[in-house]
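Here's the structure, in structure tokens; my notes come after.
The values are calculated or read from the model by the stated rules, or taken from the named source; none is laboratory data. From a predicted model like this one, the values you see are computed outputs, not experimental measurements. Here Cβ is always computed from backbone atoms with ideal geometry, including for glycine, and neighbour counts include all displayed protein chains.
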Amino acid sequence: MAGEKFAEAEDRLLGITECHADNIAQFCLEFYKDNATLMFLPFIFREDDSQYGEFPENYIEALEHLCKKWIDEKARYLKETEIESATNDGSEKLTDVESEKKEKEIISALIKSRSSQR
């Protein structure tokens, strides 16, 4: 097929060669080792068949840790958004004294504005 010949010619120009499955598996294993704190070695768990990898020893503990972290982060986010929505409602959170002072300032400014318009 013409498309295949083009792809083969392109691969030759780019220096792309066939990879053996063993080489790919070794690359993936080394990548995993370098990043083992961030992930598990991939597996498909079947009680009757270990052909697809072993069930990691600390898998359940890691899932429980991630679940707790997710719950904590969700609670933190909800608390932060609640605080933000309370403080971003367009009004200032003032003490009674500050509120009275602000009210007097506004009334004074309105009186000045009206008297200058006359």
query: Restricting the first residue to the range 53-72 and requiring it to be closer than 14 Å to residue 37 by Cβ and modelled with pLDDT under 90, which pairs with a second residue that is among the small types (Gly, Ala, Ser) and surrounded by 10 or more Cβ atoms within 10 Å (Cβ to Cβ) meet a Cβ separation below 8 Å and a spacing of at least six or different chains?
result: 56/62
field: Residue list for the range 1-37, filter: hydroxyl-bearing (Ser, Thr, Tyr), within 23 Å of residue 59 (Cβ to Cβ) and assigned to a loop (DSSP other than H, G, I, E, B)
entry: 37
message: For the range 1-29, give me each residue that is among the β-branched types (Val, Ile, Thr) and loosely packed, with under 10 Cβ neighbours inside 10 Å.
response: 17
task: Test residue 91 against the criterion of being assigned to a helix (DSSP H, G or I), out of contact with any strand residue (DSSP E or B) (no Cβ under 8 Å at 6 or more places or on another chain), over 17 Å from residue 37 (Cα atoms) and modelled with pLDDT under 85, and give yes or no.
output: no
